[in-house]
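S.K.: Here's a structure for you.
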Amino acid sequence: MQELGRLEDLPTDYVEDLRKLNLVPLWPSLRGVLPPLKPRPNTRATAWSYSDIRPLLLKAGELTPIEKAERRVLVLANPGHGLEKMQASAAMYLGMQLLLPGEWAPSHRHTPNAVRMIVEGEGAYTTVDGEKCPMSRGDLILTPTGLWHEHGHDGTEPVVWLDVLDLPLVYYMEASYHINGERQAVKPGRAERAYARGGVVPTPVFERSHKAYPMLHYPWKEARAALESMAEDQSQAEAVQVTYVNPETGEDVENILGFYALMLRPGQTLTLPARSPACVFHVIEGGVDIQVEEQRFSLVEADTCCAPGYTAVTLRNKHANKPTFIFMADESPLHRKLGVYEVRA
Ligand SMILES: [Fe+2]
């Protein structure tokens with residue numbers, strides 16, 4: 001490939017004249033912004049152990065009252081982006097959030113989309129758009145762009161969840177902001193019950209719901225049951241995976257990030273092909289060895305790891321006698337909408 005001219009090859013007074021006029025020569029930076037064959041991601045394969053995070057998060061509960069934190073979160077920051085950027089990947093933010101019994105995280109809404117994956121504890125809830133969503137281990141709760149949400153805790157033990165947001169992308173677009181609100185009135189009805197049966201949706205007097213987000217709480221027991229049924233019916237060679245979708249449209253639950261649950265059969269090894277989006281893995285039950293190019297991570301329950309795009313990822317269930325269940329988040333909806341989604345052989 002032809003070597004291109006460098007900035008140092010140009011006379012300094014010429015470069016200086018350009019700079020004064022807010023002009024930049026492209027060719028010294030061209031290979032950087034358009035590298036050959038595949039991108040050069042800042043996102044590094046990185047793992048975070050829950051046994052490391054948990055005591056530090058509980059310590060944050062002692063050090064900082066909820067009123068001083070609003071959201072008591074330790075961000076899982078990818079060193080490849082620089083920790084201060086608080087990014088797991090180009091478009092994904094990950095945070096472990098702690099809510100203690102009796103605490104309340106006030107109502108607000110914001111432009112970034114969020115979901116929370118419940119990691120431990122019972123008795124807490126998120127109220128989203130007036131719908132009270134109880135939190136149990138493995139549940140997925142959506143707080144999509146623009147919807148009011150707040151968290152409360154009527155239980156007796158600390159509750160921890162993993163937040164996944166598209167904050168880095170929305171911030172990069174200079175479209176990130178929030179608005180604080182009043183405590184929400186709770187409306188009756190639980191959408192996850194109305195949509196719990198496959199193939200039927202509510203249609204009062206023939207009317208389909210026109211809500212952008214008809215379902216906000218995806219209980220783990222339902223997703224887990226779906227995976228187990230699939231595992232019984234599918235051949236051993238097939239991957240046992242579900243996508244969290246909008247039950248009215250079948251589309252991804254949110255606009256920018258995608259969310260999935262994967263079951264690894266006892267002893268199963270599964271290689272996911274190199275795809276353009278970065279991907280996050282969080283162990284709900286069991287344990288998994290994850291290989292991302294030369295790097296290997298050994299994850300147990302509640303551990304989290306992230307892999308850059310355009311790299312194959314191999315997952316191996318550590319257990320020979322029981323399944324492992326993994327929650328995944330990725331940037332597929334964004335890549336598909338932008339027309340850059342790719343799967344490589
Ligand atoms: Fe929020």
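The values are calculated or read from the model by the stated rules, or taken from the named source; none is laboratory data. Here the structure is a predicted model, which is why all the values come from computation and not from measurement. Every residue, glycine as well, gets a Cβ built from its backbone with ideal geometry; the counts of neighbours run over all protein chains shown. The protein model used for the area step is the full one, side chains on, heavy atoms only, and it has no ligands, DNA or RNA in it. Shrake-Rupley method; radii C 1.70, N 1.55, O 1.52, S 1.80 Å.
S.K.: Show me 35-46, 10-21 ranked by packing, highest mean number of other Cβ atoms within 10 Å first.
M.R.: Put in order of decreasing packing, that is 35-46, 10-21.
S.K.: In addition: Provide the gained length on full extension for the span Y177 to V33, in nm with one decimal, where the gain is 0.36 nm per separating residue minus the Cα-Cα distance.
M.R.: The span from Y177 to V33 would gain 49.0 nm if fully extended.
S.K.: Using the Cα centre as the reference, give the magnitude of the dipole from point charges on the C-beta atoms of the chain (Lys, Arg: +1; Asp, Glu: -1; all else neutral), rounded to the nearest 20 debye.
M.R.: 300
S.K.: Per residue, what accessible area does region 285-345 have, given a 1.4 Å probe and all protein chains present, in Å²?
M.R.: Ligands and nucleic acids excluded, the figure is 46 Å² per residue.
S.K.: When only alpha-carbon atoms are used, what values of Rg and Dmax, in angstrom, describe the chain?
M.R.: Considering the chain through its Cα atoms, Rg and Dmax are 22.1, 75 Å.
S.K.: Accessible area per residue of region 110-187 at 1.4 Å probe, in Å²? Before the final figure, lay out the partial values.
M.R.: On the way: 3120 Å² over 78 residues.
Accessible area per residue, region 110-187: 40 Å².
S.K.: May I ask you to list the lysines whose Cα is less than 22 Å away from that of K85, ignoring any residue fewer than eight positions away on the same chain?
M.R.: K68
S.K.: Select from L34, L272, L167 the residue whose mean-square fluctuation is largest in a Gaussian network model of the chain (Cα-Cα springs shorter than 10 Å).
M.R.: Of the options given, L34 has the highest mean-square fluctuation.
S.K.: Another one. Pop out the carbon and sulfur fraction of the accessible area of region 125-168 as a percent, whole number, probe 1.4 Å.
M.R.: Accessible surface attributable to carbon and sulfur in region 125-168 totals 54 percent.
S.K.: Among 142-154, 217-229, how do they line up by average Cβ neighbours within 10 Å per residue, starting with the highest?
M.R.: Put in order of decreasing packing, that is 142-154, 217-229.
S.K.: OK, next. Compute the separation of the alpha-carbon centres of region 57-118 and region 269-345 and state it in Å as a whole number.
M.R.: 22
S.K.: What pairs from K38/K337; K187/K211; K59/K322 go past 24 Å between their alpha carbons?
M.R.: Long pairs (Cα-Cα over 24 Å): K59/K322.
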